[in-house]
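Heads up: the structure comes next, in structure tokens.
The values are calculated or read from the model by the stated rules, or taken from the named source; none is laboratory data. Remember, it's a predicted structure, so these values are computed and weren't measured experimentally. Virtual Cβ from ideal backbone geometry, glycine too; neighbours counted across all protein chains shown.
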Amino acid sequence: MDTEIKYAVNATNRDAQYDDRAKRLLGNKIILAHILVKTVDAFYGMNPKDVVSYIEGEPFISVVPVEPGLTNEAMSRTDSALSE
């Protein structure tokens with residue numbers, strides 16, 4: 001395999017790993033709550049522990065397609081659990 005292609009594939013794989021880790025990090029409600037109290041006027045100045053209760057449900061991480069036309073496709077909890 002061409003060295004240039006090899007480096008491109010490895011870089012893409014590494015970026016995908018960082019992307020997945022960032023999504024999982026932001027999927028933690030307490031971390032998201034810390035971001036909300038610093039950036040959203042409605043939560044500004046609140047205790048992040050209190051904001052967690054306002055974040056509803058569990059996040060879908062890497063299970064909802066983002067391609068045009070598929071983003072709003074209905075997905076049940078059972079479907080999301082099977083895909084992880």
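Could you list, in sequence order, all residues of segment 54-84 that are touching a helix residue (DSSP H, G or I) at 6+ places or on another chain (Cβ under 9 Å) and modelled with pLDDT of 70 or more?
Correct list: 54, 55, 58, 59, 60, 61, 62, 63, 64.
Would you check which residues across segment 37-54 are exposed (fewer than 10 other Cβ atoms within 10 Å of the Cβ) and assigned to a helix (DSSP H, G or I) and list them? Lay out the reasoning, then the answer.
Applying the first criterion (exposed (fewer than 10 other Cβ atoms within 10 Å of the Cβ)) to segment 37-54 yields 39, 41-42, 45, 53.
Answer for segment 37-54, where residues must be exposed (fewer than 10 other Cβ atoms within 10 Å of the Cβ) and assigned to a helix (DSSP H, G or I): 39, 41, 42, 53.
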